[in-house]
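A short worksheet on the structure shown next.
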Amino acid sequence: MSTDARHPVKAEAKHVARKAESNPVFEALARAGYVASGVVHGLIGVIVLVIASGGHGEGDQAGAMKAVAGAPAGFVALWLLAIGLWALGVWHATEGLLAYDPSGDMKGAAHKWGRRLAEWGQAVVFAALGVIAASVAMGARPNGERAAEGASRSLLHIPGGPIVLVLVGLAIGAGGVAFIVMGVRRSFRNRMRIPRNGLGRALSALGVVGFIAKGIALGVVGVLLVIAALHADAKAAGGLDGAVDALLALPLGPALAWIVGLGFLAYGAFTVARARFARM
């Protein structure tokens, strides 16, 4: 007897997930979520380039959303971004639920749960981005850097908090390494139907540059969180905006920030194209 047959609630949940994924409206909304994510990453890239050139801005998701809010019809655009991001988050959640064990052994179980954790992790990220977009649309003006410092400060003042902060930093850093590996190995191609012509080669190049750049940024964020935990200094913690500041403090910092900014632009363009070519 199959596992699903022994667990009717689980079987029903998977049935609902499969039915949802076969709905063309849901698929269209999820694809729109890739466009929304691409727009956000592209705006982050522009803001990072401005900062690298000596200007001011918030080079993170909240900063990108606030830039949208300042544009004509920004309120409408933010809600469209939120809806698309939430739909993509739900899509990844259903993909995680439908992950299966291909062999029935320990290796197959590890594959299934690895896929589930990856999909559910992405679901949380896209849902959170949707929440940021919706909150800015409703008038909130979140500051990602202050939020990261506040959360780190709270953790540092509770028993075991520094250990948790180190683990969070290591997890984010590992995510950054995963992005870099995906870019170098071009494994993102496995989830897409990339054409075999010049357009396909251009998309692959954008993917390589974008994944590596985002991986570097996430890696710096992870390092900042670990440093904050080891030195018990919440001010050392930061998000993407803090990562840009950390890069600028390095030798050749502006050049490195320019590379990351251009990489985010490439990742944004790639993600917009992913709306068309993703396997869904």
Open item on the list: If the elastic network links every pair of Cα atoms under 10 Å, which of Val35, Val48, Val125 fluctuates the most in the Gaussian network model of the chain?
Closed with: Val125
Open item on the list: Per 0.36 nm of contour for each residue apart, how much would the distance between Leu167 and Glu21 grow if the chain were fully extended, relative to their Cα-Cα spacing?
Closed with: 49.2 nm
Open item on the list: Probe radius 1.4 Å, ligands and nucleic acids left out: which of Ser204, Ser135, Ser103 has the largest accessible area, and how do the rest follow?
Closed with: Ser103, Ser135, Ser204
Open item on the list: Testing the spin-label approximation: label points 7 Å from Cα along Cα→Cβ at Ala73 and Ala140. State their distance in nm.
Closed with: 2.6 nm
Open item on the list: Please compute the modelled spin-label separation between Ala249 and Ala128, points set 7 Å along Cα→Cβ, answer in nm with one decimal.
Closed with: 2.2 nm
TODO: Filter the DSSP H helices in the chain by two things, a Kyte-Doolittle mean of at least 1.6 and an axial alpha-carbon span of 27 angstrom or more, and list the hits by number.
DONE: 24-52, 161-185, 198-231
- [ ] Please work out whether the stretch 1-139 counts as rounded, prolate or oblate from its C-alpha gyration tensor, where a ≥ b ≥ c are the square roots of the eigenvalues and a/c under 1.5 means rounded, while otherwise a/b larger than b/c means prolate and anything else oblate?
- [x] prolate
Open item on the list: Once you order the gyration tensor axes a ≥ b ≥ c over the Cα atoms, which shape class does the stretch 121-208 get: rounded for a/c under 1.5, otherwise prolate or oblate by comparing a/b with b/c?
Closed with: oblate
Task: Fluctuation leader among Gly169, Gly263, Gly33 - the chain, Gaussian network, Cα springs under 10 angstrom - done: Gly169
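Got a number for carbon plus sulfur as a percent of the chain's accessible area, 1.4 Å probe?
Its accessible area is 69 percent carbon and sulfur atoms.
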Task: Estimated 222 nm signal from helices in the chain, with DSSP H stretches of n ≥ 4 weighted -39500 (n - 2.57), rounded to 500 - done: -27000 deg cm²/dmol
- [ ] Give the calculated FRET efficiency between Arg186 and Tyr100 to the nearest 0.05, with a Förster radius of 25 Å applied to their Cβ-Cβ distance.
- [x] 0.50
- [ ] Could you name the lysines whose alpha carbon sits less than 21 Å from that of Lys66, not counting residues in the same chain fewer than 8 places away?
- [x] Lys214
TODO: Could you state the accessible area per residue of the stretch 145-190 in Å², with a 1.4 Å probe and every protein chain left in place?
DONE: 61 Å²
Open item on the list: Binning at 5 angstrom from zero up to the longest distance, how are the C-alpha pair distances of the stretch 166-239 distributed in percent?
Closed with: 4, 18, 21, 16, 12, 10, 8, 6, 4, 2, 0
Open item on the list: Tell me the accessible surface of Phe179 in square angstrom (1.4 angstrom probe, heavy atoms of protein chains only), to the nearest ten.
Closed with: 40 Å²
TODO: Read through the labelled values (i) 19.6, 65; (ii) 17.2, 50; (iii) 23.7, 75 and report the label of the one computed as Rg and Dmax of the Cα atoms in Å from the structure.
DONE: (i)
- [ ] Sequence neighbours fewer than 8 away in the same chain don't count; with that in mind, list the lysines whose C-alpha is under 28 Å from Lys107.
- [x] Lys10, Lys14
Task: Projected area averaged over orientations for the stretch 147-280, convex hull of C-alpha atoms, nm² - done: 9.1 nm²
Task: GNM top mover of Val164, Val136, Val223 - the chain, alpha-carbon springs below 10 Å - done: Val164
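The values are calculated or read from the model by the stated rules, or taken from the named source; none is laboratory data. Predicted model only: the values in this text are computed from it and were never measured. Reconstructed Cβ throughout: ideal geometry from the backbone, glycine too, with neighbour counts over all protein chains shown. The area values use the complete protein model at the heavy-atom level, side chains included, leaving out ligands, DNA and RNA. Shrake-Rupley method; radii C 1.70, N 1.55, O 1.52, S 1.80 Å.
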